[in-house]
Amino acid sequence: MAEQATLVIIKPDAIKRGMMGEVLSRLEPLHLEIIGAKAVRVSQALAEAHYQDLRQKPFFRELIDYLQGKLHGTSFVLALVFWGPDAIERVRQVAGATHPEQADPVSIRGALGRMTSAGVMENVLHASADPQEALREIALWFTPQELLRPVPTSRSGSIRIRSKAR
Ligand code: IDP
Ligand code: MG
């Protein structure tokens, strides 16, 4: 089992609905280390850099507004880096499938996520999907000084992305 770091973001719907603690409670049984944690006021540049691969999707603008808290009237998200054996896959498993209605009902998204009557997908949290994405995202959201363990930076110009986004 590889030791991995993975980025988790507790999204604005979870902040708004008072589910921050519940999300952490559901991740805690994984017994991973938290090596970084902070409240972040998400700039447009950071949101766009985070979701850069989804730029062409029809829901991209709404997604940027969602991550920035504009859909829920919230001013921050909680960003965390979890570290430990197979952290990426195990956190994704507990998080559940992207669409709350397709997610396993015992997963975080299945239990706590929803589609609103206005058609907004509220899926509670972000979790890195694979090792390359995890390294890129961690470098985007955290400086090395903010992490309790060294996490390698991705090869894809993470420092450049970071300075652009902040
Ligand atoms: P993931 O978060 O499970 O990795 P991605 O496909 O990477 O899913 O999509 C990133 C985020 O974009 C999702 O978590 C969700 O907030 C949003 N999203 C994905 N698909 C849709 C959609 O069909 N409609 C609205 N929002 C979506
Ligand atoms: Mg994704």
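FYI, it's all coordinate maths here, none of it is from the lab. As the structure is a computational prediction, the values presented were derived from the model and not from experiment. Please note: Cβ atoms are built from the backbone with ideal geometry, for glycine as well, and neighbour counts cover all protein chains shown.
Residues of region 25-55 that are part of a loop (DSSP other than H, G, I, E, B) and without any contact (Cβ under 8 Å) to a residue 60 or more places away in the chain: 31, 32, 41, 42, 51, 55.
Considering region 1-16, the residues that are assigned to a helix (DSSP H, G or I) and among the charged types (D, E, K, R) include one that is nearest to residue 127 (Cα to Cα), namely 13.
Within the option set 81, 106, 151, 91, being of a type in the set (A, V, I, L, M, F, W, C), closer than 18 Å to residue 38 by Cβ and assigned to a loop (DSSP other than H, G, I, E, B) holds for one residue only, 151. When the test is whether a residue is surrounded by fewer than 16 Cβ atoms within 10 Å (Cβ to Cβ) and more than 19 Å from residue 121 (Cα to Cα), residue 85 passes it. Number of residues in region 112-131 that are touching a residue at least 24 places away in the same chain (Cβ under 8 Å), surrounded by fewer than 18 Cβ atoms within 10 Å (Cβ to Cβ), of a type in the set (A, V, I, L, M, F, W, C) and outside any loop (DSSP other than H, G, I, E, B): the value is 0. Looking across region 37-67, just one residue is surrounded by 15 or more Cβ atoms within 10 Å (Cβ to Cβ), away from ligand 2 (no atom under 16 Å from the Cβ) and more than 13 Å from the chain's Cα centre (by Cα), and that is 65.
Residue 89 passes every criterion in (1) under 24 Å from residue 149 (Cβ atoms); (2) over 14 Å from the mean Cα position of the chain (by Cα); (3) free of Cβ contacts under 8 Å to residues at least 24 places away in the same chain apart from (2).
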